[in-house]
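Input: a single structure, listed below in structure tokens.
The values are calculated or read from the model by the stated rules, or taken from the named source; none is laboratory data. Note that the coordinates shown come from a computational prediction; the quantities given were computed from them, not determined experimentally. Using ideal geometry, Cβ is built from the backbone for each residue, glycine included, and neighbour counts are taken over all protein chains shown. Just so you know, the surface numbers come from the protein's heavy atoms only, side chains and all, with ligands and any DNA or RNA stripped out. Shrake-Rupley method; radii C 1.70, N 1.55, O 1.52, S 1.80 Å.
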Protein chains: 4
Amino acid sequence: MKKAGVLGATGSVGQRFILLLADHPDFEIAALGASSRSAGKKYSEAVSWKQTDLMPENAKSIVVTECKAENFAHCDVVFSGLDSDYAGAIEKEFVEAGLAVISNAKNYRREPDVPLIVPIVNPEHLSVVENKVKKAREAGEKKAGLLVCISNCSTAGLVAPLKPLVEKYGPIDLLTATTLQAISGAGFSPGVSGIDVLDNIVPYISGEEDKMEWETKKILGNINDKGDTFVPLSADKMKVSAQCNRVAVSDGHTECISLRFAQRPPPSVEEVKKTLSEYVCDARKLGCYSAPKQTIHVLEEPDRPQPRLDRNRDAGYGVTVGRVREDPVLDFKMVVLSHNTVIGAAGAGILIAEILKAKNVI
Amino acid sequence: MKKAGVLGATGSVGQRFILLLADHPDFEIAALGASSRSAGKKYSEAVSWKQTDLMPENAKSIVVTECKAENFAHCDVVFSGLDSDYAGAIEKEFVEAGLAVISNAKNYRREPDVPLIVPIVNPEHLSVVENKVKKAREAGEKKAGLLVCISNCSTAGLVAPLKPLVEKYGPIDLLTATTLQAISGAGFSPGVSGIDVLDNIVPYISGEEDKMEWETKKILGNINDKGDTFVPLSADKMKVSAQCNRVAVSDGHTECISLRFAQRPPPSVEEVKKTLSEYVCDARKLGCYSAPKQTIHVLEEPDRPQPRLDRNRDAGYGVTVGRVREDPVLDFKMVVLSHNTVIGAAGAGILIAEILKAKNVI
Amino acid sequence: MKKAGVLGATGSVGQRFILLLADHPDFEIAALGASSRSAGKKYSEAVSWKQTDLMPENAKSIVVTECKAENFAHCDVVFSGLDSDYAGAIEKEFVEAGLAVISNAKNYRREPDVPLIVPIVNPEHLSVVENKVKKAREAGEKKAGLLVCISNCSTAGLVAPLKPLVEKYGPIDLLTATTLQAISGAGFSPGVSGIDVLDNIVPYISGEEDKMEWETKKILGNINDKGDTFVPLSADKMKVSAQCNRVAVSDGHTECISLRFAQRPPPSVEEVKKTLSEYVCDARKLGCYSAPKQTIHVLEEPDRPQPRLDRNRDAGYGVTVGRVREDPVLDFKMVVLSHNTVIGAAGAGILIAEILKAKNVI
Amino acid sequence: MKKAGVLGATGSVGQRFILLLADHPDFEIAALGASSRSAGKKYSEAVSWKQTDLMPENAKSIVVTECKAENFAHCDVVFSGLDSDYAGAIEKEFVEAGLAVISNAKNYRREPDVPLIVPIVNPEHLSVVENKVKKAREAGEKKAGLLVCISNCSTAGLVAPLKPLVEKYGPIDLLTATTLQAISGAGFSPGVSGIDVLDNIVPYISGEEDKMEWETKKILGNINDKGDTFVPLSADKMKVSAQCNRVAVSDGHTECISLRFAQRPPPSVEEVKKTLSEYVCDARKLGCYSAPKQTIHVLEEPDRPQPRLDRNRDAGYGVTVGRVREDPVLDFKMVVLSHNTVIGAAGAGILIAEILKAKNVI
């Protein structure tokens, strides 16, 4: 059992980390960090628990500490659910202190040497930190700090079906996505206001479209020859356009996407569906505990996927694709559904940690 | 005052026609038609009224008749809110009997000699029936039957901003639209099931995408030289791709659209916004009662338009556009909001009738 | 035209005051007060407007001031939508400076000499301030400060049908009410969180049950012989029990109430309905502009009232009652619907001002 | 393993039975019955599956039969999710054919010799069928038909906390309940219309209040001395008043209840809470698989229970009670939450079958 810390443990993402760690076969909760207001209290007293699952017994009596590296020195891995206002400085301190940090914050996603990972999509990008750790160990260092970033939630759903398609049919040069995003991604203090989603949609989420357009190109991009720097796809290789909406859904981001392959002629609809169905993510091959049995579920019903019915497939680690059909403007259009707090946030962090453990990095 | 009949008067669209006619300066309700089950009853007893406005007093005591032309012979115009299962035969009978029918049903929208009208967009297409009526009158006929079709609700919102852009900058050759559609468009017996829109979205509306893709090309298309036949744009002139979703909104369709002009270079974002803002629809110039004061409201707030806040501008006859910005894949993207039961259905029928009256066709 | 000021003008209640004053025949907006953060800005720049009606033109360019009495000295009446954190001190200062304040805040509702008013229910309680003003005028004072409190929103809906019943059949000694309350009452920064009302209800609103139980007894209570002090009903005259829930409704509080008359035998269901239907509130008799044409609408349909369909009757100033029937435990049960931001908040304030004006108090 | 049949297998309740039987240690699905339209098809082809859990593999390939007793002759128990239009005749035929039927339909609930069971409340009422079966076996009959009715969903939540209170403190003579009921109880073809629950509540559910008021008295009532007939509480022993509302919640009925004990003085709030917390239902003592670990969860947080957060406690077999407090009109008020499709419908049927099996009746 590896020892796991959670930063931002009382927040929405932190609570999800704790739930996912509760009965995990590889990790046990060893430290919980939050603001100085919560520090010193038992977790059950510090948190306003808002999950549909009950608070795990093994978290309740842990005394919350401040988010200082010294309090997490005994942790093999630290999951950060920190707000971006705090994540920058704290995560830096933790990595410099030699800790392995897996972060849901946006702060370091665009750093050239930090992997930005959707674990069912680009775990091979973890090689950058793997190499770093190997070198540190060879140099006799006891601990090698490392940082891995979890992608933005809406990016995760978008790139999941792209990966097997690109592997098989080569580059996608044009990509559009219109999202219908759940409110759980916005946390809950205060999160999305009720009046904004009751009989309403908000066609805007601050910073989200830029994140989707940029992160997609890093996740589908390359690593340089030295193996230490990420090289996102350039605009002449791939153009991405996102339109993001907030809707009255609790969990599960629905995305209506269209794409064009560089290769002419493109594959057929049937080939696309077969390729998506047959895709097995590396985490599954590695035997990771949380890896989805079926990475991408391709549905044939005309009116699926739907968030309420399909978001929990493979405990939220599987992505669902439906309505794959030809697109009069680009090549194909389809609907993608992913669970924003599982494969799009905390769950992704857990699966990344499982992969790092399987590869002996942590 | 012209005499107006309403077919399908007890249904969802019929109720909206009756509300809009209640205090109308040009029309008075002269006949209400419904199924034989309702015929013979007072309207107030035949209908299950589900509108947020109260049932108009002047409709309550009208005795509902069956949908036979003889019962509507005294009407100057007949608005049809019939279900498509019945609209085909009944509307045909009415037109053959010399009545002027404005229909919300889909049955005849693709007929080459039937105008398909969004009244704030292509009222010039009414010339086909205007010519026909003129000839009939010249031939001494007392009554010239005519049929005008109202467009599909999601098509209406889509084409509204396109019209002024095409007028000014020439053809749009690529167009994509992802819709977030209100449930009122589906009627209410039973309409959309509660379980389908509670904490959920349904990424599919039967037939809707095809309607949007086809109708757009007729509405933005041409009339032949003889002036009696519509010639929709061909696929090499304009490609349209739609993705339609049902969401938990009562009224108001939100559409995330992208478009590319044939003309290179395209106009600037500022030019596009200015053109949209300055557009004055012909119905307004004709002084029609329901014509919007501002045809297209261009909003600058980053998070607008929103259905709950913006759907009722100009009593639902105005269309709202926001977030006009450059699109990395096509030229521009923007969000369009239109009131699906006003400019997208019954309201459009009323405004069409106002235009026909202004032009002395009815 | 009387000059009206609004305190807390940028907040949710303040925005409603401004909307209701926009085209009012008796009042014109003369001053808008908000926090020092907003002071000095044009209203249109200071406010985050969240109403379904557009911001009135006549409010847009008014420069917001701080909430100091000197800035409102020219006002004939001041409507306070202040948060209770600030209302205490500010309203005190205003009244002491001789201003007439009508407040939606809870701070002074229980003061023995402050009228707590639901304008369609107990306008006779305004006599206490009327007397005070009369005396001050007789004493040659130029201005006599006065304060009137608007009741809690859920109290307003509850007492509306009770008043005519008590007038006709004598005291109600037992009363229970379970509410299903709209989210608009909680304002919007942040107001009710989306995650709390999506596929959920919250069976608790802080302080609400106590307000309903207490305020009902003051509103249905008496004035002492000197005419200057309110004497709420004692527990041995009337027992009230409230259970309050927050539900996913934008506007309109639904209340399931039961009641028992002290008088035995009680009236019949038909008598109760007739009494409710025939009730004409004093404001209507006085010819007040906003007074409802029909104070209480008694509906016979088995499934009404419903908030979406019935909340806007008489522009939200009318209350709707349905399902009046015998109760196996008390005497009668019924469902009451009232518009929480109209008759339950800002609208009540406006109607109170109209009554005060009609009575020459302001 | 006992063999289980399901009637109405394609409907909403039938689907829930199938889900609950999927991995059950005591029962295996042996026959699925539906209308003649579905008969002959594989279940996966006959059903429109609308559950958030995937269709169980072991149900998919079962060929659906018509609901005739001969097709279920091999079943040890038959669960009926039939619509009441059909349940009357079919269930009668099944029982007469010697089958053991556990029905969710309302048809026979009021029969004097048919147990009406909430399995965590009155399993002792099963003695009536137990006796009957025993006699039949003693008489050498191979099969003794029996019928047990599941209570109405809102009744189940209401009586759960009453049982331990009555056991400890004697009769409750006055009881009121106002419900906020989920839409899943209404099925889904069409079920509750979206427009009825979007920004709305419907203060009426046909027949529901009468069911709650009547069924409560049978469930808390007695059996005659011969042990073959149920004797509901009379109105002079217990008066019950229910007010039922439909709200925008998918699963989970919330009920605001008040009650008065016949005994004076009544117990204290703390005693009531302790009694509720300590209650262990008989099914738990019998070791039944689905019996809740904690029958009644008493919550201390002021704003709980909430359907989204609390409905799934003990897999929906546990009931949650919060806000226990004194009531100014009766003795106590509290909020009760129960999962309407588990302990209020199909799940209750399964737990009843487990009890019957534990008692060797089936």
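Taking the conditions exactly as written (within 14 Å of chain A (Cβ to nearest Cβ), within 23 Å of the chain's Cα centre (by Cα) and in contact (Cβ under 8 Å) with a residue 24 or more places away in the chain), does C:ALA242 satisfy them or not?
No, not satisfied.
Only one residue in B:PRO302, B:PRO265 is closer than 24 Å to A:GLU209 by Cβ, more than 10 Å from chain A (Cβ to nearest Cβ), free of Cβ contacts under 8 Å to residues at least 60 places away in the same chain and assigned to a loop (DSSP other than H, G, I, E, B), so which one is that?
Just one listed residue meets the conditions, B:PRO265.
Scanning for something among the hydrophobic types (A, V, I, L, M, F, W, C) and touching a Lys or Arg at 6+ places or on another chain (Cβ under 8 Å), does the stretch B:150-165 turn up at least one residue?
Looking for residues that are among the hydrophobic types (A, V, I, L, M, F, W, C) and touching a Lys or Arg at 6+ places or on another chain (Cβ under 8 Å), one finds none in the stretch B:150-165, hence no.
Within the stretch D:143-201, track down each residue that is over 22 Å from the mean Cα position of the chain (by Cα), at the interface with another protein chain (Cβ under 10 Å from one of its Cβ atoms) and not in a strand (DSSP E or B).
If the condition is that a residue be over 22 Å from the mean Cα position of the chain (by Cα), at the interface with another protein chain (Cβ under 10 Å from one of its Cβ atoms) and not in a strand (DSSP E or B), then D:PRO190, D:GLY194, D:ILE195, D:ASP196, D:VAL197, D:LEU198, D:ASP199, D:ASN200, D:ILE201 are the ones that fit.
Of the residues B:GLY347, B:GLY318, which is within 12 Å of another protein chain (Cβ to nearest Cβ) and under 22 Å from B:LEU116 (Cβ atoms)?
Just one listed residue meets the conditions, B:GLY318.
Tell me, which strands (runs of 3 or more DSSP E) lie completely within the stretch A:1-100 with 2 or more residues that are farther than 22 Å from A:ILE117 by Cβ?
A:27-34
I'm trying to understand the selection: among the residues of the stretch B:217-245, which are polar (S, T, N, Q) and open to solvent by less than 20 Å² (accessible area, probe 1.4 Å)?
Across the stretch B:217-245, the qualifying residues are B:SER241, B:GLN243, B:ASN245.
Out of curiosity, is A:SER84 in contact with a Gly (Cβ under 9 Å, 6 or more places away or on another chain) and either modelled with pLDDT of 95 or more or within 30 Å of A:PRO161 (Cβ to Cβ) (or both)?
It is false that A:SER84 is in contact with a Gly (Cβ under 9 Å, 6 or more places away or on another chain) and either modelled with pLDDT of 95 or more or within 30 Å of A:PRO161 (Cβ to Cβ) (or both).
Just to be sure before I move on: is C:LYS135 surrounded by fewer than 18 Cβ atoms within 10 Å (Cβ to Cβ), over 11 Å from the mean Cα position of the chain (by Cα) and not in a loop (DSSP other than H, G, I, E, B) in the structure I sent?
It is true that C:LYS135 is surrounded by fewer than 18 Cβ atoms within 10 Å (Cβ to Cβ), over 11 Å from the mean Cα position of the chain (by Cα) and not in a loop (DSSP other than H, G, I, E, B).
Name the residues in the stretch A:321-340 that are touching a Gly at 6+ places or on another chain (Cβ under 7 Å) and either over 30 Å from B:MET238 (Cβ atoms) or within 7 Å of another protein chain (Cβ to nearest Cβ) (or both), would you?
A:VAL335, A:LEU337, A:SER338, A:HIS339, A:ASN340
The rows are residues; the columns are (1) touching a helix residue (DSSP H, G or I) at 6+ places or on another chain (Cβ under 9 Å); (2) among the acidic types (Asp, Glu); (3) outside the structural domain of B:VAL101 (by the TED database).
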| position | (1), (2), (3) |
| --- | --- |
| B:ASP310 | no, yes, yes |
| B:TYR317 | yes, no, yes |
| B:ARG323 | no, no, yes |
| B:LEU330 | no, no, yes |
| B:ILE350 | yes, no, no |
| B:GLU354 | yes, yes, no |
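What is the number of the single condition among (1) free of Cβ contacts under 8 Å to residues at least 60 places away in the same chain; (2) open to solvent by less than 30 Å² (accessible area, probe 1.4 Å); (3) over 19 Å from B:SER154 (Cα atoms) that B:SER277 does not meet?
If we test B:SER277 against (1) free of Cβ contacts under 8 Å to residues at least 60 places away in the same chain; (2) open to solvent by less than 30 Å² (accessible area, probe 1.4 Å); (3) over 19 Å from B:SER154 (Cα atoms), just (2) comes out false.
Could you tell me which of the residues B:CYS288, B:CYS256 is more than 19 Å from B:ILE219 (Cα to Cα) and in a loop (DSSP other than H, G, I, E, B)?
One residue alone meets the criteria, B:CYS288.
Restricting attention to the stretch B:138-151, which residues are out of contact with any Leu (no Cβ under 6 Å at 6 or more places or on another chain) and open to solvent by less than 10 Å² (accessible area, probe 1.4 Å)?
Across the stretch B:138-151, the qualifying residues are B:LEU146, B:VAL148, B:ILE150.
For the stretch B:161-173, name all the residues that are open to solvent by 10 Å² or more (accessible area, probe 1.4 Å) and touching a strand residue (DSSP E or B) at 6+ places or on another chain (Cβ under 8 Å).
Of everything in the stretch B:161-173, those that are open to solvent by 10 Å² or more (accessible area, probe 1.4 Å) and touching a strand residue (DSSP E or B) at 6+ places or on another chain (Cβ under 8 Å) turn out to be B:VAL166, B:TYR169, B:GLY170, B:PRO171, B:ASP173.
Just give me the residues in the stretch D:174-216 being surrounded by fewer than 19 Cβ atoms within 10 Å (Cβ to Cβ) and within 30 Å of D:VAL272 (Cα to Cα), in sequence order.
Once the filter is applied, which keeps residues that are surrounded by fewer than 19 Cβ atoms within 10 Å (Cβ to Cβ) and within 30 Å of D:VAL272 (Cα to Cα), the stretch D:174-216 yields D:ASP210, D:TRP214.
Can you tell me how many residues in the stretch C:292-308 are farther than 24 Å from C:LYS357 by Cβ and open to solvent by 10 Å² or more (accessible area, probe 1.4 Å)?
Total satisfying the criteria: 9.
State whether one or more residues within the stretch D:320-334 are farther than 29 Å from C:ALA242 by Cα, crowded, with 20+ Cβ neighbours inside 10 Å and in contact (Cβ under 8 Å) with a residue 12 or more places away in the chain.
Checking the stretch D:320-334: not a single residue is farther than 29 Å from C:ALA242 by Cα, crowded, with 20+ Cβ neighbours inside 10 Å and in contact (Cβ under 8 Å) with a residue 12 or more places away in the chain.
Considering C:SER234, C:SER206, C:SER241, which residue is assigned to a strand (DSSP E or B), assigned by the TED database to the domain that holds C:ALA177 and not aliphatic (A, V, I, L, M)?
Selected residue: C:SER241, the only one of C:SER234, C:SER206, C:SER241 that is assigned to a strand (DSSP E or B), assigned by the TED database to the domain that holds C:ALA177 and not aliphatic (A, V, I, L, M).
Taking the stretch A:101-113 on its own, how many of its residues are touching a helix residue (DSSP H, G or I) at 6+ places or on another chain (Cβ under 8 Å) and part of a loop (DSSP other than H, G, I, E, B)?
8
With respect to C:PHE79, is the statement that it is open to solvent by less than 30 Å² (accessible area, probe 1.4 Å), closer than 16 Å to C:VAL13 by Cβ, out of contact with any His (no Cβ under 6 Å at 6 or more places or on another chain) and among the aromatic types (Phe, Trp, Tyr) true?
For C:PHE79, the condition - open to solvent by less than 30 Å² (accessible area, probe 1.4 Å), closer than 16 Å to C:VAL13 by Cβ, out of contact with any His (no Cβ under 6 Å at 6 or more places or on another chain) and among the aromatic types (Phe, Trp, Tyr) - is met.
Would you mind stating whether D:SER151 is under 17 Å from D:ALA346 (Cβ atoms) and free of Cβ contacts under 8 Å to residues at least 40 places away in the same chain?
So D:SER151 does not fit the description; no.
Do we have C:SER277 as in a helix (DSSP H, G or I), among the polar types (S, T, N, Q) and away from chain D (no Cβ under 14 Å) here?
Spelling it out, C:SER277 is indeed in a helix (DSSP H, G or I), among the polar types (S, T, N, Q) and away from chain D (no Cβ under 14 Å).
Could you check, for the stretch A:22-42, whether at least one of its residues is crowded, with 23+ Cβ neighbours inside 10 Å, within 14 Å of another protein chain (Cβ to nearest Cβ) and touching a Ser or Thr at 6+ places or on another chain (Cβ under 6 Å)?
No; the residues of the stretch A:22-42 include none that is crowded, with 23+ Cβ neighbours inside 10 Å, within 14 Å of another protein chain (Cβ to nearest Cβ) and touching a Ser or Thr at 6+ places or on another chain (Cβ under 6 Å).
Pick from B:TYR289, B:TYR317: which is hydroxyl-bearing (Ser, Thr, Tyr), more than 23 Å from A:GLU255 (Cα to Cα) and surrounded by fewer than 24 Cβ atoms within 10 Å (Cβ to Cβ)?
Selected residue: B:TYR289, the only one of B:TYR289, B:TYR317 that is hydroxyl-bearing (Ser, Thr, Tyr), more than 23 Å from A:GLU255 (Cα to Cα) and surrounded by fewer than 24 Cβ atoms within 10 Å (Cβ to Cβ).
For the stretch B:40-50, which positions are at pLDDT 95 or above and out of contact with any helix residue (DSSP H, G or I) (no Cβ under 8 Å at 6 or more places or on another chain)?
B:GLY40, B:LYS41, B:GLU45, B:ALA46
Does B:ALA248 satisfy the condition of being hydrophobic (A, V, I, L, M, F, W, C), over 20 Å from the mean Cα position of the chain (by Cα) and at the interface with chain A (Cβ under 9 Å from one of its Cβ atoms)?
yes
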